[in-house]
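The values are calculated or read from the model by the stated rules, or taken from the named source; none is laboratory data. The structure presented is a predicted model; accordingly, all values stated were derived computationally and were not measured. Every residue, glycine as well, gets a Cβ built from its backbone with ideal geometry; the counts of neighbours run over all protein chains shown.
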Amino acid sequence: MELLAGLFGLVFGSFLNVCIYRLPVGKSIVWPPSHCPICGKKLKWHDLIPVLSFVLLRGQCRFCKSRISIMYPVVEILSAAGAYLSFKVFGLTLEAVLLYLFYMVLLYIGAVDVRTKEISTISIILLGILKIGFVAVQTLSEGKHMSISGMVFVLSGGILNSAFVALIWLLSKGKAMGFGDVLLLIAGGFGFDWKEMVVCNLLSFAVGALWSVVYLIKHGCGKSSFKSEIPFAPFICFALFITTIWGKWLADLYINLVWRG
């Protein structure tokens, strides 16, 4: 089942690429058909096989030999991985479907931020709706009845984290993170308790810091455009997805290792 989900994920990833490249610039995702952005030639069906076509074409357009962005196969592979994990963890359930849709929006937001350094409000709203739906279905499937006190507890992590990241944004005047990153954490963090939000923040900052070190080693530390070169949203998206699946386990592991020695 998980492997089949992964194969479907490759196909959905190919469609997501169309959305990533067209929606931010106001183009239709239906017309015109897939084509080379350089020479304009319409692509054949065998040029659109996820990942495989990129490998067989050696990352070049069949017609004009211009380079194809590595983002295309990367998005397809990540989409397949997200589908595999979603259905591996939750099986053939509505939870798995909602989690995968949530993941796909995260993948869209992260990829668009890499390309344009922007996060659209609509994608943030859609992300929040999907996360609320996932939390609601998960709560009901576990046979839990959400009392007022329980709802306050569930929301507490998101509320506290919203205040925390908003404070960082205000104090740094948007230099530490953009306002879109703040909204992303709020929308994607719905349903986390305070421990899961700590895990999410630590994970996003840790992965971001690691990537920054790699970037500095490769490009040097003299660039004034360092912040603009490394968007933070992809790291937040990664942390939100991992925390949604394994947040409680990671929180317990962190507490046992750090707080209890």
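Being modelled with pLDDT of 85 or more, of a type in the set (Gly, Ala, Ser) and at positive phi is true of residue 91. If you go through the stretch 79-87 one residue at a time, do you hit one that is farther than 20 Å from residue 111 by Cβ and modelled with pLDDT under 85? No: zero hits.
Against the list (1) modelled with pLDDT under 75; (2) surrounded by 14 or more Cβ atoms within 10 Å (Cβ to Cβ); (3) within 23 Å of residue 122 (Cα to Cα), the condition residue 228 fails is (2).
For every residue, the table says whether it meets (1) over 21 Å from residue 123 (Cβ atoms); (2) surrounded by 17 or more Cβ atoms within 10 Å (Cβ to Cβ).
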{"residue": "60", "(1), (2)": "yes, no"}
{"residue": "75", "(1), (2)": "no, yes"}
{"residue": "81", "(1), (2)": "no, no"}
{"residue": "91", "(1), (2)": "yes, no"}
{"residue": "98", "(1), (2)": "no, yes"}
{"residue": "101", "(1), (2)": "no, yes"}
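Selection of first residues in the stretch 37-56 that are surrounded by 13 or more Cβ atoms within 10 Å (Cβ to Cβ) and of second residues that are of a type in the set (D, E, K, R) and part of a helix (DSSP H, G or I), restricted to Cβ pairs under 6 Å at least 6 apart or on distinct chains, gives the following pairs, ordered by first then second residue: 50/76; 51/76; 53/47. For the stretch 101-120, check the following and say yes or no: at least one residue is closer than 30 Å to residue 140 by Cβ, free of Cβ contacts under 8 Å to residues at least 40 places away in the same chain and aliphatic (A, V, I, L, M). Yes.
Can you give me the ranges of the helices (runs of 4 or more DSSP H) entirely in the stretch 105-221 with at least 1 residues that are farther than 27 Å from residue 249 by Cα and at pLDDT 80 or above?
On the way: elements: 121-141, 148-171, 179-188, 194-219.
So the answer is 121-141, 179-188, 194-219.
Go through the stretch 1-17 residue by residue and tally those that are free of Cβ contacts under 8 Å to residues at least 24 places away in the same chain, in contact with a Phe, Trp or Tyr (Cβ under 9 Å, 6 or more places away or on another chain) and closer than 13 Å to residue 107 by Cα. Of the residues in the stretch 1-17, 0 are free of Cβ contacts under 8 Å to residues at least 24 places away in the same chain, in contact with a Phe, Trp or Tyr (Cβ under 9 Å, 6 or more places away or on another chain) and closer than 13 Å to residue 107 by Cα.
Only residues that are of a type outside the set (Val, Ile, Thr) and not in a loop (DSSP other than H, G, I, E, B) were counted across the stretch 20-78, and they come to 20.
Identify the residue in the stretch 18-36 that is closer than 13 Å to residue 76 by Cα and touching a residue at least 24 places away in the same chain (Cβ under 8 Å) and, among all such residues, is nearest to the chain's Cα centre (by Cα). The selected residue is 20. Just one of (1) touching a helix residue (DSSP H, G or I) at 6+ places or on another chain (Cβ under 6 Å); (2) outside any helix (DSSP H, G or I); (3) hydroxyl-bearing (Ser, Thr, Tyr) fails for residue 86. It is (2).
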